[in-house]
1. If R0 is 35 Å, what FRET efficiency do you get for residue B:56 and residue B:31 from their C-beta distance, rounded to 0.05?
2. Using a 1.4 Å probe, how large is the accessible area of residue B:291, given in Å² and rounded to the nearest 10?
3. For a quick check: with amide H placed at 1.01 Å from N, whose amide H comes under 5 Å from residue A:20's, ignoring anything fewer than 5 positions away on the same chain?
4. How would A:125, B:53 line up by accessible area, probe 1.4 Å, largest first?
5. Roughly how many nanometres apart are two label points built 7 Å out from the Cα toward the Cβ at residue B:276 and residue A:107?
6. May I ask which residue of A:183, B:283, B:3 lies farthest towards the positive end of the charge dipole of the protein assembly as shown, with charges of +1 (Lys, Arg) and -1 (Asp, Glu) on Cβ and the Cα centre as origin?
7. Under a Cβ-only charge scheme (Lys and Arg +1, Asp and Glu -1), can you give me the dipole magnitude of chain A about the Cα centre, in debye to the nearest 20?
8. By how many degrees, 0 to 90 and rounded to 10, does the Cα axis of helix B:263-294 deviate from the longest principal axis of chain B?
Amino acid sequence: MISMKNVYKKYPNGIVAANGLNVEIMQGEFVYVVGPSGAGKSTFIKMMYREERPTSGDIFINDINLATLKSKRVPYLRRQIGVVFQDFKLLPRLNVYENVAFALEVIEESPKVIRKRVMDVLELVGLKHKARMFPTELSGGEQQRVSIARSIVNTPKVIIADEPTGNLDPETSWEIMKVFQEVNNRGTTIIMATHNKEIVNTIKHRVIAVEGGLIVRDEAGGDYGYES
Amino acid sequence: MAMKARTLGRHFRESFKSVGRNSWMSFASASAVTVTLLLVGVFVMIMMNLNKVADDLEKDVEVKVLVELTADEKMITKLEQDIKNVKGLETIVYSTKEEELEDLIKDFGGKMGLSDQNNPLRAAFYVKASNPQETEKLAKQIDQLPNTYSVEYGEGKIDKLFSFLNLARNIGLGLILALLFTAMFLISNTIRITIVARRREIEIMKLVGATSWFIRIPFVLEGIWIGILGAILPIVIVTVLYINLYELVQPYLVGELFNLLPLTPFLFQVNALILLMGIFIGVWGSFMSVRKFLRV
Ligand SMILES: Nc1ncnc2c1ncn2[C@@H]1O[C@H](COP(=O)(O)OP(=O)(O)OP(=O)(O)O)[C@@H](O)[C@H]1O
Ligand SMILES: [Mg+2]
């Protein structure tokens, strides 16, 4: 379970990107985070895996308070959360297999388990046949699927994705949503910031709308609510 | 940072792979190490031999004390005792005037019209100071004793030799240190270029939950391999160079006061030094350059 209490974030340049966020997300929920550009969606997401630290307020993920978590403990937090980035963030010198395996090597999993789990998730995202290829040899959609495979390979309880379909054509976006849906069906919480109106309005889930660092709307099975 | 053995194995594999996949950068870094170690190796070779020569010469600095012709046996025994009482004395050897003559004749190949009857030479004591640099002081004190005719030693020459050798040693040491610093700067710069290129990678690794040590160890291992690669050529060159030099020069030094360092253990020592320095430079370089980017 994730909860934010009076979370406030002021960047060093004075911009306030979170202006008192209060939210609770239950285990197994699927949540869209929507809002205009500059609304504070990425900030909201980044604070959940401690790429950014709140200026004040508390953020709990399963009883760990991210606001006070020591830097040394951050790697251990990140192992419990799968993060999918808009720009994929794949390691360029590792091939597809190695990129996904990295998330398991970090937790010192045995090579046998690593091989099985990596091949399983590559199968799930439909990239088993491209395991030996390098990120530069893949299309954007394929890279995003590798990034998703890496985020789910150690079966985290929560997956956080910042515009995972932002760089993709509609068809690929739908394929990626299928993967997320599949993972969510297995009980994983999914929090996804997006500008994709079709997806939000078609695959109905809870919608949290952010504007000016504030949550202005929070409804189960809501609409995207903006013209895009 | 308790770590499973298989993770260490993983770090070894990663570091090998990384050297191979960045072959161009690895080559550049290893070359920087090679140039430095070659210079340092040749330098150490020269310095250690200079030291050896200096030591050999120091050991052989003798004072020759000539005895008055008028001195009888008793006076000579008394003089020997007096010399033995001078502080800082190491050895003393007595040589009668007959022995002196024999030595002289031997040196000139026996072609001298001198015989025991008209031996013009004096008996002598050969004296060494326990600290060769104090030879002059010792000689002056002996000169004050009764029944000495004169005291001979290298005088000015010895002083000059010692001050030259001391200077050479200090300059050599300074140069080696300067070289080392240059090398480290060069290498940490080379590695830094690699790391800047990898800065993004390090950030990604952290975002996926890697600890600092998990990221750092493969880089440090990579530094070790590059250090070892860079040390190969200097080791070969220094070895070949010294063996040739030794075989060329040593025959001329037989019977001289000084010698070069024998091939063993000298070559083992120098090569071990080169290897260790290579590893040290590699580790230091990668440690320093990763450090900056791990503070995220
Ligand atoms: N690292 C930063 N330093 C300073 N200001 C920042 C930083 N990151 C974001 N901001 C500012 O904070 C505000 C919110 O940014 P954020 O990236 O959270 O918006 P967003 O909702 O994700 O927008 P988009 O939909 O365009 O991705 C913006 O005004 C932005 O300029
Ligand atoms: Mg954003």
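The values are calculated or read from the model by the stated rules, or taken from the named source; none is laboratory data. The structure displayed is predicted, hence computed values, not measured ones. No Cβ is skipped: glycine too gets one built from the backbone with ideal geometry, and neighbour counts run over all protein chains shown. SASA here: full protein model, heavy atoms, side chains in, ligands and nucleic acids out. Shrake-Rupley method; radii C 1.70, N 1.55, O 1.52, S 1.80 Å.
1. The value I calculate is 0.40.
2. 110 Å²
3. The answer is A:7, A:8, A:9.
4. Ranked list, largest accessible area first: B:53, A:125.
5. Reported label-point gap for residue B:276 and residue A:107 is 4.4 nm.
6. A:183
7. 900 debye
8. It is inclined by approximately 40 degrees.
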